[in-house]
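Participant: One structure is given below, represented as structure tokens, and several questions about it will come after.
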Amino acid sequence: MYTLNIDTQAFIKQHWQQKPLVIKQAFIDFEDPIAADELAGLACEEEISSRVVVTKGDDWDVVQGPFEDYDQFGEDNWQLLVQAVNHWYPDSQALVEAFRFLPDWRFDDLMASFATPGGGVGPHIDNYDVFIIQGDGERRWKVGDKGQHKRRGDNPNSPLVDDFEPIIDVVLQKGDVLYIPPGYPHCGETLSLALSYSIGFRAPSQQELLTELADSLIDSNQGHKRFNSVDEPATPGLISQSHQQGIMDLLTQLAQDPASYQTMLGKLLSQNRFELDICEGEEPLTADELLEAIEQGAIIQRIGGLKVLQLENDNEQRLFINGEVYTFANVTNDMLQLLANQVRITPEEASVFTANEAALDILTGLLNQGLFYLAEDDCE
């Protein structure tokens, strides 16, 4: 339904995480995956992250959802933003699929916004990659160059930066896409009632990696090696450069040992920042009932936003799903790749699991946890 009108491999080589790009008519005959009133309805729900940003001259106010109505905001100068729409609105998954030429572990969420004329969130810098897809209406976007950009009002905690000299100044129309790598300041202004979509890709920070690694080493009772030296400084109050480097090399050794970091990475990168729409059935499913459903043509479907990841060169037969480890017995790598790469598994594809009792039990458990569900056909 949504096919990107670009050479994805050329994009990765020339622009990905390097420089911004405007792609006019990236989607031919683009149709909004969600209507404005449906988006407003999602923002009424407690478990869904949403906010309204109100433009006030050169400043912006943020009002956190949920929202019962929007009359208080008037007819212009505000924007509604709803995070993780792909978790809660299955029809939006097809738009996410268009960007799966990039790895799932990087994918953050699909944010949708409805904006009135003059609405925007102010000039800011993101620490992640973002694709902005224009739906109905028009928005003007300015993108500045990388550099030292002061926080607005000299407030180090402000999400906003001072105005910048644009290197891109463009009006996006329906089907256009703007790609912005991390570190580039940008600002959008709504020209007419508009729907737009942001697909973000994020990588963990050094802080997150060190925190998760420490927790993982404690849980697995690893990481007990201490620093040893063959020379000592001439004065007792000095920490020599060789000692500084030798101590920090202990972390380097952990980073070079897959047994120390692989489980941590798999769990960390398969987690989701936003709540999932868990789809538990009323009654637990048995493996025999799953077999029968597959034989009758049922499709095994992931819930929106669920990450199913596999580690290359893993010494174990396992997958990482929503921050947990699932170990499989006596399965082929093709079977693991099928689960990791297919958002929906057809009855023909699922047949490879039916002869493996352990794998079938794991699939049944995933369905009973509400992380997958049975669909009648390919239409969501």
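The values are calculated or read from the model by the stated rules, or taken from the named source; none is laboratory data. All values reported here derive from a predicted model rather than from experimental measurement. Positions of Cβ are backbone-derived with ideal geometry, glycine not excepted, and every protein chain shown enters the neighbour counts. All accessible areas refer to the heavy atoms of the entire protein, side chains included, with ligands and DNA or RNA removed. Shrake-Rupley method; radii C 1.70, N 1.55, O 1.52, S 1.80 Å.
Participant: Which of (1) open to solvent by less than 10 Å² (accessible area, probe 1.4 Å); (2) over 25 Å from the mean Cα position of the chain (by Cα); (3) not hydrophobic (A, V, I, L, M, F, W, C) is the odd one out, the single condition E165 does not satisfy?
Facilitator: Evaluating E165 over (1) open to solvent by less than 10 Å² (accessible area, probe 1.4 Å); (2) over 25 Å from the mean Cα position of the chain (by Cα); (3) not hydrophobic (A, V, I, L, M, F, W, C) leaves (1) as the failure.
Participant: Can you confirm whether the range 35-50 contains a residue that is over 19 Å from the mean Cα position of the chain (by Cα), assigned by the TED database to the domain that holds Y197, of a type in the set (V, I, T) and open to solvent by less than 20 Å² (accessible area, probe 1.4 Å)?
Facilitator: Taking every residue of the range 35-50 in turn, none turns out to be over 19 Å from the mean Cα position of the chain (by Cα), assigned by the TED database to the domain that holds Y197, of a type in the set (V, I, T) and open to solvent by less than 20 Å² (accessible area, probe 1.4 Å).
Participant: While we're looking at this one, here's another question. Which residues, counting only those in the range 219-234, are of a type in the set (D, E) and under 30 Å from K267 (Cβ atoms)? Before you say what the answer is, go through the steps one by one.
Facilitator: Here is the first cut: in the range 219-234, the residues of a type in the set (D, E) are 219, 231-232.
Listed by number, the list holds a single entry, D219.
Participant: Take G57 and tell me if it is more than 18 Å from the chain's Cα centre (by Cα) and open to solvent by less than 10 Å² (accessible area, probe 1.4 Å).
Facilitator: In short, no.
Yes/no per residue for (1) under 30 Å from K142 (Cβ atoms); (2) open to solvent by 60 Å² or more (accessible area, probe 1.4 Å); (3) in contact with a Ser or Thr (Cβ under 8 Å, 6 or more places away or on another chain):
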site	(1), (2), (3)
P182	yes, no, no
P185	yes, no, no
E189	yes, yes, no
L195	yes, no, yes
G200	yes, no, no
G223	no, no, yes
F227	no, yes, no
Q241	no, yes, no
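Participant: So in the range 168-214, with the set limited to residues that are assigned to a loop (DSSP other than H, G, I, E, B), of a type outside the set (S, T, N, Q) and farther than 30 Å from D29 by Cα, which one is farthest from the chain's Cα centre (by Cα)?
Facilitator: Initially, the range 168-214 is screened for residues assigned to a loop (DSSP other than H, G, I, E, B), giving 173-176, 181-185, 191-193, 202-205.
From the residues that got through so far, the ones that are of a type outside the set (S, T, N, Q) too are 174-176, 181-185, 191, 193, 202-204.
Filter again for farther than 30 Å from D29 by Cα, leaving 183, 203-204.
Numbers: G183: 18, A203: 9, P204: 11 Å.
Among those that are assigned to a loop (DSSP other than H, G, I, E, B), of a type outside the set (S, T, N, Q) and farther than 30 Å from D29 by Cα, it is G183.
Participant: To continue, here is another question. Filter the range 333-358 down to residues that are out of contact with any strand residue (DSSP E or B) (no Cβ under 9 Å at 6 or more places or on another chain) and surrounded by 15 or more Cβ atoms within 10 Å (Cβ to Cβ) and give me whichever is farthest from I294 (Cα to Cα).
Facilitator: By that ranking, first place goes to M335.
Yes/no per residue for (1) open to solvent by less than 50 Å² (accessible area, probe 1.4 Å); (2) in the same structural domain as H87 (by the TED database); (3) not aliphatic (A, V, I, L, M):
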{"position": "L102", "(1), (2), (3)": "yes, yes, no"}
{"position": "D109", "(1), (2), (3)": "yes, yes, yes"}
{"position": "S113", "(1), (2), (3)": "yes, yes, yes"}
{"position": "G122", "(1), (2), (3)": "yes, yes, yes"}
{"position": "D126", "(1), (2), (3)": "yes, yes, yes"}
{"position": "R140", "(1), (2), (3)": "no, yes, yes"}
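Participant: Give the residues of the range 57-98 that are assigned to a loop (DSSP other than H, G, I, E, B) and either in contact (Cβ under 8 Å) with a residue 60 or more places away in the chain or among the aromatic types (F, W, Y) (or both), sorted by residue number. Can you show your working first?
Facilitator: To start, the set of residues in the range 57-98 that are assigned to a loop (DSSP other than H, G, I, E, B) comprises 57-58, 65-70, 74-77, 83-84, 89, 98.
Hits for the range 57-98 are F67, Y70, Q83, A84, Y89, A98.
Participant: Let me spell it out: the conditions are (1) open to solvent by less than 80 Å² (accessible area, probe 1.4 Å); (2) assigned to a loop (DSSP other than H, G, I, E, B), and E232 meets all of them except one. Which number is the exception?
Facilitator: (1)
Participant: Report those helices (runs of 4 or more DSSP H) wholly inside the range 237-344 carrying at least 1 residues which are of a type in the set (V, I, T). Steps first, answer last, please.
Facilitator: Numbers: elements: 241-255, 258-269, 287-295, 333-341.
It comes to 241-255, 258-269, 287-295.
Participant: State yes or no: is G118 among the small types (G, A, S), under 22 Å from R202 (Cα atoms) and surrounded by fewer than 20 Cβ atoms within 10 Å (Cβ to Cβ)? First the steps, then the outcome.
Facilitator: Values: among the small types (G, A, S): yes; under 22 Å from R202 (Cα atoms): no; surrounded by fewer than 20 Cβ atoms within 10 Å (Cβ to Cβ): yes.
Against the criterion (among the small types (G, A, S), under 22 Å from R202 (Cα atoms) and surrounded by fewer than 20 Cβ atoms within 10 Å (Cβ to Cβ)), G118 does not qualify.
Participant: Can you pull out every residue in the range 8-56 that is among the acidic types (D, E) and either over 23 Å from A98 (Cα atoms) or assigned to a loop (DSSP other than H, G, I, E, B) (or both)? Give the derivation first.
Facilitator: So the first thing to find is which residues in the range 8-56 are among the acidic types (D, E), and the list is 29, 31-32, 37-38, 45-47.
Scanning the range 8-56 gives D29, E31, D32, D37, E45, E46, E47.
Participant: Which of (1) farther than 30 Å from Q17 by Cα; (2) of a type outside the set (S, T, N, Q); (3) surrounded by fewer than 13 Cβ atoms within 10 Å (Cβ to Cβ) is the odd one out, the single condition E208 does not satisfy?
Facilitator: (1)
Participant: Hey, could you check the range 266-292 for residues that are of a type in the set (G, A, S) and buried (at least 18 other Cβ atoms within 10 Å of the Cβ) and say which is nearest to N330 (Cα to Cα)? Let's see the steps before the verdict.
Facilitator: First, the residues of the range 266-292 that are of a type in the set (G, A, S): 266, 270, 281, 287.
Filter once more, so that each one left must be buried (at least 18 other Cβ atoms within 10 Å of the Cβ): 266, 270.
Details: G266: 20, S270: 23 Å.
Among them, the one singled out is G266.
Participant: Name the pairs whose Cβ atoms lie under 7 Å apart, with the first residue in the range 141-159 and within 11 Å of H124 (Cα to Cα), the second of a type in the set (S, T, N, Q) and open to solvent by less than 70 Å² (accessible area, probe 1.4 Å), and 6 or more positions between them or separate chains?
Facilitator: R151/S158; R152/S158
Participant: Just to be sure I understand the filter: pairs with C-beta atoms under 6 Å, separated by 6 or more residues or on different chains, first member in the range 316-332 and open to solvent by 50 Å² or more (accessible area, probe 1.4 Å), second member among the basic types (K, R). Which pairs pass?
Facilitator: V325/R318; T327/R318
Participant: Please specify each residue of the range 147-158 satisfying the condition of being touching a strand residue (DSSP E or B) at 6+ places or on another chain (Cβ under 7 Å) and open to solvent by 90 Å² or more (accessible area, probe 1.4 Å). Give the derivation first.
Facilitator: We begin by selecting, within the range 147-158, every residue touching a strand residue (DSSP E or B) at 6+ places or on another chain (Cβ under 7 Å); these are 149-152, 158.
Scanning the range 147-158 gives a single hit, K150.
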